[in-house]
Amino acid sequence: EMAKTMHEDEAHQERLPGPTSDRASVDAVTHLVPDDEIEVLHREVEDFRKCQGRFEVFNRAKFQKLRQNLEQQITIFKMALSSNSELWERVAEVRDRGRTIEDELRKSQKR
């Protein structure tokens, strides 16, 4: 009887398609795992898929918020830089006016 069982297992393995067939792998596992355990595994896989979906949504939201914060900072920096540029232009104008006034004062003192 033991030889008969071994022979049946060998015959069963010979009937299975090669390792490239996913269906063969599923059939082989299904044959070895009880149905109630398969159901538990299916539920776990579904739970993992739901978790993955929530994780992706969370990451997208987090990325979007981070991007908005960085864009706001960039806008603030741009405003500060343009403001600094305007200030430097004004400083240069005041310096030029000061030099002009000093030059004219010297000329008038020499007269």
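Side notes on the structure shown:
- For the stretch 94-104, the condition of being open to solvent by less than 80 Å² (accessible area, probe 1.4 Å), among the small types (Gly, Ala, Ser), modelled with pLDDT under 90 and part of a helix (DSSP H, G or I) holds for none of the residues.
- Residue within the stretch 6-22 that is open to solvent by less than 100 Å² (accessible area, probe 1.4 Å) and at pLDDT 70 or above present: no
The values are calculated or read from the model by the stated rules, or taken from the named source; none is laboratory data. Predicted model, so just to flag it, every value in this text is computed and none were measured. In case anyone asks, the SASA skips ligands and DNA or RNA and just uses the protein heavy atoms, side chains included. Shrake-Rupley method; radii C 1.70, N 1.55, O 1.52, S 1.80 Å.
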